[in-house]
Amino acid sequence: MKNRTISRICAEARKRAGIQQTYIADYLNTTQQAISNFECGRNFSSKLFMFYFAEILSQVDLDEIREVFRNAEKKNRKNSSNGSSK
């Protein structure tokens with residue numbers, strides 16, 4: 001399985017659901033660019049994140065999300081044991 005971010009999983013789910021970025025932007029009173037930035041992982045918005053999960057959760061493979069969190073936890077543990085703050 002490719003290592004993907006939550007933002008990319010959300011973007012893929014949005015596309016599978018046939019929802020446009022402009023719809024989400026209008027609904028959240030933000031810009032399409034803000035949605036694009038979130039989906040590309042350039043920023044993280046808890047408001048956008050919650051929207052995706054409220055509107056598109058049925059389209060998201062929860063195993064993919066679990067894998068992303070597992071990989072992040074492994075990376076954090078590895079960095080902690082190496083004394084790295086990254």
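Among what's in the range 1-50 and is aromatic (Phe, Trp, Tyr), open to solvent by 60 Å² or more (accessible area, probe 1.4 Å) and modelled with pLDDT under 85, pick the residue that is nearest to the chain's Cα centre (by Cα).
PHE44
Looking only at the range 51-86, count how many residues are touching a helix residue (DSSP H, G or I) at 6+ places or on another chain (Cβ under 9 Å) and either in a loop (DSSP other than H, G, I, E, B) or modelled with pLDDT of 80 or more (or both).
Residues that pass the stated criteria total 5.
List every residue pair whose Cβ atoms sit under 6 Å apart, with the two residues 6 or more apart in sequence or on different chains, where the first one lies in the range 32-47 and is at negative phi and in contact (Cβ under 8 Å) with a residue 24 or more places away in the chain and the second, anywhere, is open to solvent by less than 40 Å² (accessible area, probe 1.4 Å) and in a helix (DSSP H, G or I).
Close Cβ pairs satisfying both conditions: PHE38/SER7; PHE38/LEU48; GLU39/SER7; GLU39/ALA11.
For the range 1-41: of the residues being part of a helix (DSSP H, G or I) and small (Gly, Ala, Ser), which is nearest to GLU67 (Cα to Cα)?
Among residues in the range 1-41 that are part of a helix (DSSP H, G or I) and small (Gly, Ala, Ser), the one nearest to GLU67 (Cα to Cα) is SER7.
The values are calculated or read from the model by the stated rules, or taken from the named source; none is laboratory data. The structure displayed is predicted, hence computed values, not measured ones. Cβ sites come from the backbone with ideal geometry, for glycine too, and all protein chains shown count toward neighbours. Each accessible area value is taken on the protein alone, full model and side chains, heavy atoms only, with ligands, DNA and RNA left out. Shrake-Rupley method; radii C 1.70, N 1.55, O 1.52, S 1.80 Å.
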